[in-house]
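None of the figures in this text is laboratory data; all of them are computed from the coordinates on show. This is a predicted model, so every value here is computed, not measured. Cβ placement follows ideal geometry from the backbone for every residue including glycine, while neighbour counts extend to all protein chains displayed.
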Amino acid sequence: MTRPPHAADRPGLNLFVCIKQVPDSAQIRVHPVTNTIMRQGVPTIVNPYDLFALEEALRLRDEYGGSVTVLSMGPPMAEEALRRALGIGADHAVLITDRRFAGADTLATSYALASALTTLGREQPIDMVLTGKQTIDGDTAQVGPGIARRLGLEQLTYVAAIDRVDPLRREIVVRRRSEGGVQVLASRLPCLVSVVEGLNEVRRGAVADVLRAARAEVVTWSATEAGVEDPMRCGLRGSPTVVRRVFAPSPRQERAQMVAVTGKRPSQLADAVLDLVLTQQPKLEAALADGPVRRNRP
Amino acid sequence: MTTSPPPGAASRRTKELPERYRNHRGVWVFVELERGRVHPVSFELMGEGRRLADELGSELAAVLLGAPGEAIERATMAALTYGADRVHRCADPVLADYRNQPYTHALSELVERHRPEILLLGATPLGRDLAGAVATTLQTGLTADCTALAVDDDKSLAATRPTFGGSLLCTIYTQGVRPQMATVRPRVMAMPEPIEGRSGAVVEHDLGLGEDAVVTKVLDFVADVATDDVNLAYADVVVAGGMGLQSAENFRLVRDLAAALGGDYGCSRPVTQKGWLPAERQIGQTGRTIRPRLYIAAGISGAIQHRVGVEGADLIVAINLDANAPIFDFAHIGVVADALTVLPALTHAVERRLGRHALAS
Amino acid sequence: MVEHFDAIVVGAGPAGTAAALVMARAGLDVLQIERGETPGSKNVQGAILYADALERLVPDFREEAPLERHVVEQRVWLLDERSHTGAHYRSADFDEDRPNRYTILRAPFDRWFAAEARAAGAVLLTETTVTELVKDAAGKVVGVRTDREGENLFADVVILAEGVNGLVGQRAGLRKELDPRHVALAVKETVFLTDEVVQERFNLKGEHDGVVIEAMGDVSAGMVGTGFLYTNRESISIGVGCLISDFQATGTAPYALLDRFKSHPSVAPLLKGGEVKEYVAHLIPEGGYHAIPELVGEGWLVVGDAGQFVNPAHREGSNLAMTTGALAAETVIALHRQGTPCTKAALGSYLRALEQSFVMKDMKKYRGLAAMLHGNKHFLTTYPAALSRAMQTFLRVDGVDKRTKQRLMVQDFKAARGGWWHLMTDAVKLARAWR
Ligand SMILES: Cc1cc2nc3c(=O)[nH]c(=O)nc-3n(C[C@H](O)[C@H](O)[C@H](O)COP(=O)(O)OP(=O)(O)OC[C@H]3O[C@@H](n4cnc5c(N)ncnc54)[C@H](O)[C@@H]3O)c2cc1C
Ligand SMILES: Cc1cc2nc3c(=O)[nH]c(=O)nc-3n(C[C@H](O)[C@H](O)[C@H](O)COP(=O)(O)OP(=O)(O)OC[C@H]3O[C@@H](n4cnc5c(N)ncnc54)[C@H](O)[C@@H]3O)c2cc1C
Ligand SMILES: Nc1ncnc2c1ncn2[C@@H]1O[C@H](COP(=O)(O)O)[C@@H](O)[C@H]1O
C-alpha cells in the first residue's frame, strides 16, 4: 500500500486499534468428564471483528494521513496477533503483558488498556480508538465502552460505516446499527468507534508490509511501563465479577418421541407428524386457523 | 496495631460487601424506549426482575428515559402492568433519541442516588452500549448475555451465561460492589402476563443536562427496509433448515412450510456462512434466540450453539436422517426421514388441514 | 527498495525450518516464506517425531517443544476383515530420560520450531506463497516472487523446502510432475478422547506414555498402503494411506477406506465415544531412491519431501527433512564464508554430504521396496488373511491333533499363493527389498 504523498502536510489522524488474540472457538472442545477446556492444539486467531476495526483505521490513515497503532493486552504469545496486524499495514504495535493483568474481567481490561492509551496519547494525542464490536471469546462488547468512558471519548458503538471524518474541524459522521435501522450520528474527535463485521474488506499487506512486520519490534510493556497507576485495579484483583462455577448444560431427561416412519408414504408421515403436533399443542390449531399467530407482542 | 492479615483474609474481604454498598436495595430494570416503542426484552426482564425482587423481599423499579409525550406515558403504564412497583423516569427532549452521553449520565445519576442492588438491561445495541458505559462510570461488574438469573443464599445475584463458544455455562457473581449489573438477550426470558390496572409510584427526575452539553447529534434514522422484515425472535411458529437441506434452492421448502403455518423461517449458522440465507436468519447462540410455540428443525444436527437459541420453544419437531443426531436429545417430536420429502408433505398436510394455501413467497 | 538476503527458504515445515535455523545461527541473513497462516497450520503428519534429528539442532527441545506422548510400545498389526495378528513390543527401557520417539501434533510443533528459527534471527513471512523463482539472464536462480503485491525478493541461494507437491520447483522446470505410482495419499482424522480414556484403553501408566500401531493388510483393501493409529495426549490420530495410482485404478474413496479401518472390530473399541475433530488429507512421497529428483542447481537446493526424502518402510520423513535441511544449510554456510557463489558445482558438496549420511544410505537400502509391493499385492492381501486363518487353526482347541493342525496351516498357505514356488519367490523378493 502506498501512502498518499501529501500525507505529511495534512494534520493526519492518530489512530489506535485494540485487538485481542482469541482461541479459534470453533475448535474448542470440552472435556466430557471434568468440564475443563481442552485447549490442546487449539489455534489462536486475531478476534475477527478487530480486523475490521484495523482495516477501517488503515483506510482512514490512507485517506487522511497519520498513523495506526495496534494495542493488545494479553500473554507474551499475543505478540503474534500484533505482528499479523503489522503485516496487514499497521505502523506500530504495543503489547501490554504482565502477570498482574491475568484473570481480568471487562472492567479491569478496559482499565489496563485505557492506562496504556493514556501513556501512548502523551506522545501522540488520540484522535480515534477503534475496537471490534465484541470478542468471540468474551463476547461482551463492554471493553470498548469501558475505554471510552475512562478516557472521556465520545462513544460510537456498532458502527456500520464511517461516512466522513474532518481532522481539522474534529468532526466525524458515522452510521450506527441500532434496533430496526441505522442511526446517522455526527460527533466529535476524539472518539471511540466499535465496528460491526463486514463494513470493509480486510486488505492483504504488500511484500514490504509483511517484511517490515516480520522485522518490527513489538513494543512490550509491563503494567508499570503501560502507565498503570493502581495495579490493584488490574487483573483478577481489579475484577468485580468472579466466575464461581463452570458447568455443562444439563441434558434433558426424555428423548424425543419418535414418529414411526417405515411403510408410510410422505403424506401419511406428514399427517402423523401434524396429528402429534396438534395433540401436544391443542391451542395451535385454532390459532393457525385464525391466520398468523402473534403471541406476547406488546 | 498493624499485623499481616491472616490467611484467607483477602478472599473474605472480597466476599464481604464494604459498608457503603450495604444498603443498596431493590431490583431495577432499564426499560428501552426507542422511537415510541418499548423493546419487548424490557418486559421479559420485568418478569425476571419481579421474581428476583420477590425473592429478595424488595421492590422492582423500572427506569424510563425519553422525550416527554404520549410514548413515555404509555411506557410508564406498561411498566406498571408488567410488574414494576415504581417507575423512575426522566422525560426530557434531550433524551428523544438514544445517545450514549445523556443516557449514561441519567442512568448513572439515578443509580447513585437511589442505590439499587441489581440493574438489568436488554442485550440490544442500545442496552449493551449503555450498560458498558454505566458499569464503568459506577466502577461495578457487568455480566453480559445472561441466560439465567437467580438469588443466591447470601442474597447475591448469580448470573449464568454461556462461555467458551457456548459449549459450557458459567455462573458469575459481582463481589465487593453494587449494583450487580447484567444484560439479557431478547427472548431468553419468558414474557410475563401483564396485569391490567396494576398501579405504582411514578417518580420524576430532572436530567440536569442541556442539549448544548451533548456532543453527538442524531442526523437521521434510516429504518431497515420493511419488505424482508425478519421477525424470527417474535414469531409463534418458526421453521428452520440446516446443512441437511444441501442447497440454497431447497430453502424454498422451508419458506413454504413457514408460510403455510403463518410463521417465519430461519437456519443454522453454516447456512448463513455459506451465504444461502442472510445473517439475520441465523438462529442460535450467535444468532437469534427464539421462543416460538412450535419450532420445526429440518436437517439440523442440533449442536449446543444451536440448541441454546431454541430451547425456549414450547414444542420442537426435528426432521433428520441420522437417528443419532443430537437434536433428538432435546426435540419433543422426532422424525428420522429425508427433510426434502417431509417438508413439502408437511406443507400440503397443513394446507389441507387448515383449508388455506401458503402465501407463496 | 530491493531486498537481498543471503538465503531464502521456501516453506516452514521441518526441512525448511531446520535449514533456516542452522543458517540464522551461523549469522546468515535468512528469509523464510510460508503460505500458511502460521507454520504448520496446513501441515499433516501421523505423527511420530524421531528425537535424534531434532536433538542435534535443539539439544534441549524436550523442555520446550509441544510433544504429545513418548512411545513406550510399538504394535504392528496384520489385518484381515475381522481379525488382526499382531506383534507388540513394549519395554520399560523406553521410559528413559531422553526418549527416542514421540507423538506430536504438527500445528503446534511446527509453530514452535519456526519460532526457534526466528529467535535465531531468521525473518519469517507467513500467509505468503512463493509463486515462482526469479532467474537472471544466465538462468541462475536469484530470488523469488510471491503472491503479495510488491517487489521480488532476492538472495544468493534459494532452498526449496516446499514439501511433497512442490509447485515452485515444478513450475521452474527443476523437477517433473509427481508420478501417481510414487506418491501415496494419506487421510487422517484426529479423534478426541480424554487423557484417562487414552491411558486406560492402551494400558498406559501416565499422560506422557504412548502407543503406536502400524497396520497392514485389509486396511488398504488390496492397494499398496498402510494404516496407523497413534495416541496423543487427549486424542488419537488415525489414518490410512495408499498409492494414488491404486486409488485411481480401484476407484476407492480415501475417506471410505478410513471409515472402514475405523470400524474394523479390532480398531472400533479403541475409538469408541471419541469426537472427530479434524479430517485432513496429504501426500507422501514414496517413490524412494529412484524417484529422487535433481537436488541442486544454479542458485538452488532441494530438501525434505520436495526431494522425496521419505522412508515409507520405517515411516520416517520429518527426521530426513530436518537432516537434509541442516546439511543444505551447512553447505550454504561454508560457501558463504568462503565467498563462493552458489553455483551448481559449488552446491555439489550438499550431495556428497547426503551420500555420507544415513539419509542416502537408507534411501538406497529400500530402493526396491515400492516396486516390489506394487508388483506383488499378496503381501497386503493374501498373506494377512492366511496368517489369520493359521492363527485360528492354531488357537482353537477342538479335538483336532496338533500335527494335523500344522499340516492344515501349511497347506493353506501354499494354496493361498498357488503353490510352493510362489511362496518361495515372494520370500526372496521381500528379503531382497529389505536387504
Ligand atoms: C462460537 C460458535 C458459535 C456458534 N453459533 C451458532 C449459532 O448461533 N447457530 C447455529 O446454528 N450454529 C452455531 N454454531 C455452529 C454449530 O456448532 C454447528 O456447527 C451448526 O449448528 C451445525 O449446523 P447444521 O446442523 O446445519 O449442520 P450439520 O452439523 O452439518 O448437520 C446437518 C444435519 O443434517 C442431517 N441431514 C443431512 N441430509 C439430510 C436430509 N436430506 N434430511 C434430513 N436431515 C439431513 C444430518 O444428519 C446432520 O445431522 C456456532 C459454533 C461456534 C463455535
Ligand atoms: C499422514 C502422514 C503421516 C506421516 N507420518 C510420519 C511420521 O510418523 N514420522 C515422520 O517422521 N514423518 C511422517 N510423515 C512424513 C512427514 O510429514 C514429512 O516427511 C515431513 O513433513 C516433510 O517435511 P518438509 O519440511 O519437507 O515438508 P512439509 O512439512 O510438507 O512442509 C512444507 C511447507 O512448505 C510450505 N509451502 C509449500 N509451498 C509453498 C510455497 N509455494 N510458498 C510458501 N510456502 C510453501 C507448506 O505450507 C509447508 O508448510 C508423514 C506424512 C503424512 C502425510
Ligand atoms: N485484551 C484485549 N486487548 C486489546 N483489545 C481488547 C482486549 N479485550 C477486548 N478488546 C477490544 O474490545 C472489543 C470488545 O471486546 P469484549 O468486550 O471482550 O467483547 C474487542 O473487539 C477488542 O477490540
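Distance between the pseudo-spin-label points of A:MET232 and A:ARG212 (7 Å out from Cα toward the beta carbon): 4.4 nm.
Per-residue Karplus couplings for the stretch C:379-393, computed as 6.51 cos²θ - 1.76 cosθ + 1.60 with θ equal to phi - 60°, are listed in order as 5, 9, 10, 5, 5, x, 5, 5, 4, 5, 4, 4, 4, 5, 4 Hz, Gly and Pro entered as x.
What would the Debye equation give as log₁₀ I(q)/I(0) for the stretch B:237-340 at q = 0.11, 0.12, 0.22, 0.23 Å⁻¹, counting only Cα atoms as equal point scatterers? The calculated log intensity ratios at q = 0.11, 0.12, 0.22, 0.23 Å⁻¹ are -0.25, -0.30, -1.17, -1.30. Label sites at A:GLU201 and A:GLU285, each approximated as a point 7 angstrom past Cα along Cα to Cβ, lie 5.5 nm apart.
Rounded to the nearest 20 debye, what is the charge dipole size of the stretch B:9-213 about its Cα centre when +1 sits on each Lys and Arg Cβ and -1 on each Asp and Glu Cβ?
600
The alpha carbon convex hull volume per residue for the stretch C:53-121 rounds to 117 Å³. Fully extending the segment from C:LYS414 to C:GLU177 would add 81.2 nm, taking 0.36 nm per residue of separation and subtracting the current Cα-Cα distance. Distant-in-sequence amide contacts of C:ARG101, defined by a placed amide H-H separation under 5 Å and a gap of 5 or more residues or a different chain, comprise C:ALA51, C:VAL71.
When only alpha carbons are used to place a centre, the stretch B:175-200 and the stretch C:217-256 end up 57 Å from one another. Result for chain C in a Gaussian network model with C-alpha springs under 10 Å: among C:HIS70, C:HIS378, C:HIS88, the largest mean-square fluctuation is at C:HIS88. Amide H to amide H distances under 5 Å link B:ALA148 with B:THR160, where only residues 5 or more positions off or on other chains count and H is placed in the peptide plane. Rounded if a/c is under 1.5, else prolate if a/b beats b/c, else oblate: with a ≥ b ≥ c from the C-alpha gyration tensor eigenvalues square-rooted, which is the stretch A:72-207? In terms of gyration-tensor shape, rounded.
What's the center-to-center distance, using Cα atoms, between the stretch C:92-121 and the stretch B:250-300 in Å? So the two Cα centres are separated by 47 Å.
Under the combined filter of DSSP loop state and at most 12 neighbouring Cβ atoms within 10 Å, the stretch B:229-331 retains these GluC sites (Glu not before Pro): B:GLU249.
Each label point was placed 7 Å from the Cα along the Cα-to-Cβ direction; for C:THR340 and C:GLU275 their separation is 5.7 nm. Ranking A:ILE147, A:LEU107, A:PRO190 by Cα position along the charge dipole of the stretch A:12-233, where only Lys, Arg, Asp and Glu carry charges on their C-beta atoms, puts A:LEU107 farthest toward the positive end. My understanding is that a pair violates if its Cα-Cα distance is over 19 Å; which of C:LYS42/C:LYS272; C:LYS365/C:LYS429; C:LYS135/C:LYS344; A:LYS133/C:LYS42; C:LYS364/C:LYS429 do that in this structure? As for pairs spanning more than 19 Å Cα to Cα, those are C:LYS42/C:LYS272; A:LYS133/C:LYS42.
Using only C-alpha atoms and all pairs of different ones, pull out the Kirkwood radius for the stretch C:119-166 in Å with one decimal. Intermediate values should be presented prior to the final figure.
Numbers: mean 1/r = 0.0826 Å⁻¹.
Hydrodynamic radius (Kirkwood, Cα only) of the stretch C:119-166 equals 12.1 Å.
Full extension of the segment from B:GLU55 to B:ASP338, taken as 0.36 nm per residue of separation minus the current Cα-Cα distance, would add 97.1 nm. The string of couplings for the stretch B:282-295 from the Karplus curve (6.51, -1.76, 1.60, θ = phi - 60°) is 6, 10, x, 4, 9, x, 7, 9, 10, 9, x, 6, 9, 10 Hz, one whole number per residue in order, with x for Gly and Pro. Each 10 Å bin, from zero up to the one with the longest distance, holds this percent of the alpha carbon pairs of the stretch C:180-285: 16, 47, 28, 9, 1.
The dipole here belongs to chain A: it is taken about the Cα centre, uses +1 on the Cβ of Lys and Arg and -1 on the Cβ of Asp and Glu, and is about 600 debye. Could you tell me the ratio Rg/Rh of the stretch C:371-433? Both radii from Cα atoms, Rh via Kirkwood. Reported Rg/Rh, Kirkwood definition of Rh: 1.05. Distance distribution P(r), the stretch C:62-189, all Cα-Cα pairs, bin width 5 angstrom from 0: 2, 7, 11, 13, 13, 14, 12, 10, 8, 6, 4, 1, 0 percent. What does the charge count around C:ILE104 come to, taking other residues whose C-beta lies under 11 Å from its C-beta (Lys +1, Arg +1, Asp -1, Glu -1)? With Lys, Arg at +1 and Asp, Glu at -1, the neighbours total +2. Dividing the helix sum by the residues of chain C, where each DSSP H run of 4 or more adds -39500 (n - 2.57), gives a mean residue ellipticity at 222 nm of -11000 deg cm²/dmol. Taking amide H as placed 1.01 Å from N in the peptide plane, C:ASN232 has its amide H under 5 Å from the amide H of C:SER237, each at least 5 places away in sequence or on another chain.
Counting alpha carbon pairs within less than 8 Å and at least 6 residues apart, what relative contact order, in whole percent, applies to chain C? Normalised by residue count, the contact order of chain C is 20 percent.
As a ratio to 2.2 N^0.38 Å, the alpha-carbon radius of gyration computed for chain A takes the value 1.30.
Spatial offset of the stretch C:130-151 relative to the stretch A:72-125 amounts to 37 Å, using the alpha carbon center of each.
Each stretch of four or more DSSP H residues adds -39500 (n - 2.57); spread over every residue of chain A, this sum gives -9000 deg cm²/dmol at 222 nm. Under the criterion of Cα pairs below 8 Å and six or more residues apart, the relative contact order for the stretch C:180-285 equals 42 percent. The trypsin sites (Lys or Arg not before Pro) of the stretch C:217-275 that meet both conditions, a loop assignment by DSSP and at most 14 other Cβ atoms within 10 Å of the site Cβ, are C:LYS272.
Using C-alpha pairs under 8 Å with a sequence gap of at least 6, the mean separation divided by the residue count of chain B gives a relative contact order of 14 percent. Taking each DSSP H run with n ≥ 4 as -39500 (n - 2.57) and averaging over every residue of chain B yields -8500 deg cm²/dmol at 222 nm.
Measuring nothing but alpha carbons in the stretch B:158-277 and taking Rh as the Kirkwood radius, the Rg to Rh ratio lands at 1.09. The alpha-carbon atoms of chain C define a convex hull whose volume equals 155 cubic angstrom per residue. Shape index of the stretch B:9-213: Rg/Rh, with Rg the Cα radius of gyration and Rh the Kirkwood radius from the inverse mean 1/r over Cα pairs, equals 0.96.
Only the Cβ atoms of Lys and Arg (+1) and of Asp and Glu (-1) were treated as charged; on that basis the dipole of the stretch C:180-285 about its Cα centre amounts to roughly 280 debye.
Phi-derived couplings, Karplus 6.51 cos²θ - 1.76 cosθ + 1.60 at θ = phi - 60°, listed residue by residue for the stretch C:356-361: 7, 8, 4, 4, 5, 4 Hz, with x used for Gly and Pro. Dividing the convex hull volume of the alpha-carbon atoms in the protein assembly as shown by its residue count gives 227 Å³ per residue.
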